[in-house]
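The values are calculated or read from the model by the stated rules, or taken from the named source; none is laboratory data. Please read these numbers as outputs of a predicted model, since none were measured by experiment. Methodologically, a virtual Cβ is constructed for each residue, glycine included, from the backbone with ideal geometry; neighbour enumeration extends over all protein chains shown.
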Amino acid sequence: MHRQYRERGVPPAVRPVTGDAGTLPFADGAFDGAVSTMTFHESTTEGGLRELSRVLAGGGTLVVVDWSAQGRGESGPPRDERFDAADARSKLDDAGFDVGIAAERSETLFVRATA
């Protein structure tokens, strides 16, 4: 993905970083917000979510959009790797997030939570 972004042009304020979801290379509270688009199903481990909570500042916002287990289309990851909104809410609650919205859309789920 880094190569693709570089080919398209990376804005000066953006620095691609490679890391493991369970050991993010950032300080505690380093970010005011985080966005996960179509990757929640890949990094939703107990350790990964706790790390995400750790690097978000208190009150920091997390927005998640991912393929839903409730979707009927064939695009996206295998259904057994997906979550529905209730499962996503539960996982984030367990990791210490305060989930404000967890909703299903036609093929995707949407979650907004705070750390």
Which ones in the stretch 1-27 are part of a loop (DSSP other than H, G, I, E, B) and either surrounded by 10 or more Cβ atoms within 10 Å (Cβ to Cβ) or within 15 Å of the chain's Cα centre (by Cα) (or both)?
VAL10, PRO16, GLY19, ALA21, GLY22, LEU24, PRO25, PHE26
Conditions: (1) of a type in the set (Asp, Glu); (2) touching a helix residue (DSSP H, G or I) at 6+ places or on another chain (Cβ under 9 Å); (3) loosely packed, with under 14 Cβ neighbours inside 10 Å; (4) not in a helix (DSSP H, G or I). GLU42 meets all but one. Number of the miss?
(4)
Across the stretch 87-115, what is the total count of residues that are surrounded by fewer than 17 Cβ atoms within 10 Å (Cβ to Cβ), in a strand (DSSP E or B), among the small types (Gly, Ala, Ser) and in contact with a Lys or Arg (Cβ under 8 Å, 6 or more places away or on another chain)?
1
Test set (1) in contact with a Ser or Thr (Cβ under 8 Å, 6 or more places away or on another chain); (2) in a helix (DSSP H, G or I); (3) among the hydroxyl-bearing types (Ser, Thr, Tyr) - THR61 fails condition number:
(2)
Residues of the stretch 1-46 being touching a strand residue (DSSP E or B) at 6+ places or on another chain (Cβ under 6 Å) and closer than 21 Å to PRO77 by Cβ, in sequence order, are ALA34, VAL35, SER36, THR37, MET38, PHE40, HIS41
Have a look at VAL65, VAL35 and point out the one that is of a type in the set (Val, Ile, Thr), surrounded by 15 or more Cβ atoms within 10 Å (Cβ to Cβ) and closer than 27 Å to ARG15 by Cα.
VAL65
So which residues in the stretch 56-115 are within 19 Å of GLU42 (Cα to Cα) and either touching a His at 6+ places or on another chain (Cβ under 7 Å) or among the basic types (Lys, Arg) (or both), if there are any at all?
ASP66, TRP67, PRO77, ARG79, GLU81, ARG82, PHE83, ARG89, LYS91, ARG112
Boolean, GLU51 is at pLDDT below 95, surrounded by fewer than 13 Cβ atoms within 10 Å (Cβ to Cβ), under 15 Å from the mean Cα position of the chain (by Cα) and among the acidic types (Asp, Glu):
no
